[in-house]
1. What is the order of 269, 113, fewest Cβ neighbours within 10 Å to most?
2. Quick check on the exposure proxy: order 86, 220 from fewest to most C-beta atoms within 10 angstrom.
3. Mind jotting down the distance between the C-alpha centroids of region 60-88 and region 107-149, whole Å?
4. Quickly estimate the mean residue ellipticity at 222 nm for the chain, helices only: each DSSP H run with n ≥ 4 gives -39500 (n - 2.57), and the total goes over all residues, rounded to 500.
5. Of the listed values (i) 24, 23, 20; (ii) 33, 22, 17; (iii) 36, 28, 18, identify the label whose number matches semi-axes √(5λ) of the Cα gyration tensor in Å calculated from this model.
6. Quick one: net charge of residue 48's neighbours, Cβ under 13 Å, K/R +1, D/E -1?
7. How big is D, in µm² s⁻¹, for region 1-138 by Stokes-Einstein at 4 °C and 1.567 mPa s if Rh is the Kirkwood radius over C-alpha pairs?
8. Just tell me which lysines come within less than 26 Å, Cα to Cα, of residue 176; anything on the same chain fewer than 8 places away is out.
Amino acid sequence: MAHYKISVLEIGRDHKFPAGVAFDFWHMGDQFIYSPFSMTLIQGEGHNILFDCGFDLSRPEIRDRIAAEQDDNCHDPKEVLASVGLTPDDIDSVIISHCHWDHMSGLSYFPNSTIYIQRSEADNWLRAMNDETFPLTHKCVVDKGSLDTLFDLARAGKVIFLDGDYSELFPGISVKACSGHSFAQNVLLIDNDDGRYAIVGDVAMRPESFTGTDAFPCFLPNLKFSVGTIENIVGSYKDILGWVQGRVDRIVMSHDGTRHTLPSTTRSSLDLDVTVISE
C-alpha cells in the first residue's frame with residue numbers, strides 16, 4: 001500500500017461562475033456559484049507529482065481570458081508552489097487532466113518535468129483547433145499556445161502520451177481515461193494507505209454532479225463546454241462512483257467550490273486555499 005500526501009492548491013477564484021455551466025444547464029436559471037481554479041499536489045513514494053499545472057500569466061492571452069471572466073486572485077504555478085515551499089524544478093511529473101486552458105497553460109513552467117497526457121486528447125484537440133468547422137463554443141476553452149508548448153516539450157522528449165488506462169503509473173497510482181467533458185481525460189486513482197481517492201479534473205465539477213440537489217436528485221452533468229454526449233458524461237460518473245465505492249467525499253474535482261469548508265483547508269500567504277485531502 002502506498003502513502004501519499006494529497007493537497008489541492010487553489011490558483012485562483014471565480015466568485016460568479018454560472019451554475020448552468022457546472023451542472024445540467026437548462027435547469028439552473030441565472031444562479032451563480034463559487035468556483036475555484038486548482039491543481040493537485042501528490043507527494044510520496046519518492047515523487048512530487050502535479051495534477052494539472054495552472055496558468056501561464058506571463059502570456060497576455062491568458063491574462064486577457066482571466067480579465068474577461070473577472071476571475072480573482074489568480075497566480076502562476078511558480079508562485080503557488082513557492083507558497084508551499086516548492087519550486088517547479090521540485091516537480092518530477094505533471095499529469096494533465098485535459099487540454100483546457102485553465103488546466104494546461106502553465107506547462108511552460110515545467111520544462112524539466114515529465115508530462116503525461118492521453119494521446120487522443122492531445123491529437124484530437126490539435127486537429128480541432130485547425131478545423132474551421134469545429135464549434136467555437138468548444139474551441140474557446142483551449143489555448144493554442146499551450147498546445148504548441150505541449151508538442152514542443154514532446155519533441156524535446158519530455159512528454160509521455162498515454163493510450164487509455166494504466167494500472168500502475170506510479171506505485172499505488174493508476175490512470176483511467178474518461179470521455180465526456182473532453183476527448184480523453186486522465187483520472188487518477190490513488191490507492192493510499194487510508195483508502196482510495198479519485199482525482200478527476202473536470203469530469204465532474206462539484207459533489208452535486210454525483211448526488212444531485214433536493215430539486216433535482218439525479219446526476220447533474222456539465223454539458224456547456226463538453227465535446228461528448230450525456231451518455232459519455234454520465235457513464236464516467238458511474239465509473240468513478242464504482243471506483244471509489246460510492247464515496248463522493250473521496251472524489252477530488254478541480255472546480256469544487258465546497259472544498260473550502262473542509263477543516264483541513266488553510267489559507268496560504270497568497271490568500272489562496274490549500275486543502276489537505278490525505279495526510
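1. Listing 269, 113 from fewest to most nearby Cβ atoms yields 269, 113.
2. 86, 220
3. First find each Cα centre; the distance between them is then 19 Å.
4. -6500 deg cm²/dmol
5. Here semi-axes √(5λ) of the Cα gyration tensor in Å agrees with entry (i).
6. -3
7. 79
8. 5, 139, 144, 158, 224, 238
Every number here is computed from the coordinates shown, using simple stated rules; none is lab data. The structure displayed is predicted, hence computed values, not measured ones. Note that each Cβ is placed from the backbone with ideal geometry, even for glycine, and that neighbours are counted across all protein chains shown.
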